Structure formats: C-alpha cells, structure tokens
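Engineer: Have a look at this one.
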Amino acid sequence: MFDFFLQMDTTKVAEKVEGFRSVGGTLVQGGWLMVPLALLFVIAVFFFFERYLLLQKFGKIDENFMSIIRDNVVSGNVTAARSLAKNTQNPVARMIDKGLQRIGKPIEAIEKSMENVGVLEMYKMEKNLNILNIIVRIAPLFGFLGTIVGMLSLFDGIAKSPEGFGINSMANGIYVKMITSATGLIIGIITYLGYSVLQTKIRKIENKMEAASAEFIDILQEPTR
C-alpha cells in the first residue's frame, strides 16, 4: 500500500516537472524578444515589492497617535508631542512634526508648511511608480513586435519554399509567434494590477494625512488648559 502511494506521488511530481519543462520550452520558442520581456517582468516584480513594503510601513499609523498629540498640545506640552512625532516613522507623523515646529505662527503659515511636507511625502511614496506604468505600456508592445517579426519570418519562409509549408506547419509557426504577444499581455496585465494596488494604498495614506492635518489645525484652535 505504501509503495502504491509512493508511486502515485512520484508520478504527480514527474507530471509537474514535465509541465514546467513544457512551459519553459514554449517560452523559449518565443525567440530573442522573450529576453527583454523577462527583464521587464523582473523589474516590475522588484519595484512592486519595493514599493509595497515601503507603503506597508508608511501605512502603519497608531489609532491613538492624534489623540496623544491633542492631549499634549492642549496641555501645553509641545515637547512631548514633538518627541512622539519624531519617533513615529510615517508620513502623518512627519507632517504633524512640521506643524508642531511652527506652533506660534499664523495658522496659514502652519498649514502651508504641513502642505509642503505632504507634497514631499507623496513624492516619496509615488517614486518609481512611473517605471511600473511604463512597463504596463511597453510590455504588450514588445510582445506584438515579437509576433510581427515572427510572422514576417514565417511568410518569408513560405514565399521561398511554399511546397514545404502545409497547414499544420503554418499553424504551428503562427502558434509559436503568438507566444510573445501572449507573454507581453500577461506581463502588462500583472504589472497593471500591481500598479493599481500600490495606487490604492497611496490614496489611503494620503487620506489619512489630510484627515490628520485638518485635525491638527482644529487642535491648535482649541483653548489650552
């Protein structure tokens, strides 16, 4: 019985290995343009996870952060509020810290300083997103280019020796040449999904920054204890 299950597991593993080999062999048939497509995919994966991990870190904001800031500011303990903001590593805290530094100045000046910090924080979060946007656009184009080059090569072969090309040969040749198009589209779709996920996370952090800024201005207009 044990030998039977062992044989089944071995068969499944062999089938999976054969499947991977088949996929790998199919991709290789796509030609030299599969190399830049593979490179684009690696770059997209790298920058997606680089941005994703950063945004995960920036998005971790303590729910009690603004409450503690409020208590310290209202009680006049700005030093404690600044210490908390400096020791909290996220865009909201850095923006609030800038506002704390400007306490005593006109509200408009404080708002402007915080807005400037917010712009810089947005730049940090959106950095390298353009690379993903470019890959979304050019990966399918590389795929189509590979298909066009392949089709030209195929028809050139037909023109030179039409008797050597049957229906099956043509169908197989067209199938192989379409590999680059499919690969380019898949890379473009995957990259677009990753880009959308990152944009959504940035928008959420931006909303938190705007809410915190408005709350901080309200705090400054409250009477001190």
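Engineer: Go through the stretch 60-79 and give me each residue that's closer than 14 Å to I103 by Cα and among the aliphatic types (A, V, I, L, M).
Structural biologist: Selection gives I69, V73, V74, V78.
Engineer: So for the stretch 78-97 (the condition being out of contact with any Leu (no Cβ under 7 Å at 6 or more places or on another chain), among the charged types (D, E, K, R) and modelled with pLDDT of 90 or more), does at least one residue qualify?
Structural biologist: Yes, the conditions are met somewhere in the stretch 78-97.
Engineer: Follow-up question, since we're still on this one. Give me the pairs, please: first residue somewhere in the stretch 87-106 and under 15 Å from K60 (Cα atoms), second residue anywhere and open to solvent by 70 Å² or more (accessible area, probe 1.4 Å), beta-carbon distance under 6 Å, and either six or more positions apart or on two chains.
Structural biologist: Listed by first residue and then by second, the contacts come to V92/K208.
Engineer: Within the stretch 126-135, take every residue that is of a type outside the set (D, E, K, R) and surrounded by fewer than 20 Cβ atoms within 10 Å (Cβ to Cβ) and give me the one that is modelled with the lowest pLDDT.
Structural biologist: Start the filter on the stretch 126-135 by keeping residues that are of a type outside the set (D, E, K, R), which leaves 128-135.
Checking which are surrounded by fewer than 20 Cβ atoms within 10 Å (Cβ to Cβ) leaves us with 128-131, 133-134.
Values: N128: 88, L129: 91, N130: 92, I131: 93, N133: 93, I134: 93.
Going through the qualifying residues, I end up with N128.
Engineer: Please give the helices (runs of 4 or more DSSP H) falling wholly within the stretch 26-132 in which 2 or more residues are farther than 30 Å from T147 by Cα and over 29 Å from the mean Cα position of the chain (by Cα).
Structural biologist: In the stretch 26-132, the matching helices (runs of 4 or more DSSP H) lie at 65-74, 78-86, 91-101, 107-126.
Engineer: Can you pull out the residues in the stretch 182-225 that are within 20 Å of the chain's Cα centre (by Cα), open to solvent by 40 Å² or more (accessible area, probe 1.4 Å) and among the β-branched types (V, I, T)?
Structural biologist: Those that are within 20 Å of the chain's Cα centre (by Cα), open to solvent by 40 Å² or more (accessible area, probe 1.4 Å) and among the β-branched types (V, I, T): I186, I189, I190, V197, T200.
Engineer: Here's another thing I want to ask about it. Determine which member of the set E121, E50, E115 is touching a residue at least 40 places away in the same chain (Cβ under 8 Å) and open to solvent by 70 Å² or more (accessible area, probe 1.4 Å). Spell out the reasoning first.
Structural biologist: Details: E121 fails: open to solvent by 70 Å² or more (accessible area, probe 1.4 Å); E50 fails: open to solvent by 70 Å² or more (accessible area, probe 1.4 Å).
Unique residue meeting the criteria: E115.
The values are calculated or read from the model by the stated rules, or taken from the named source; none is laboratory data. For clarity, every value in this text was computed on a predicted model and none was experimentally measured. Glycine also receives a Cβ, built like all others from the backbone with ideal geometry; neighbour counts cover every protein chain displayed. Heads up: the accessible areas ignore ligands, DNA and RNA and are worked out on the full protein's heavy atoms, side chains in. Shrake-Rupley method; radii C 1.70, N 1.55, O 1.52, S 1.80 Å.
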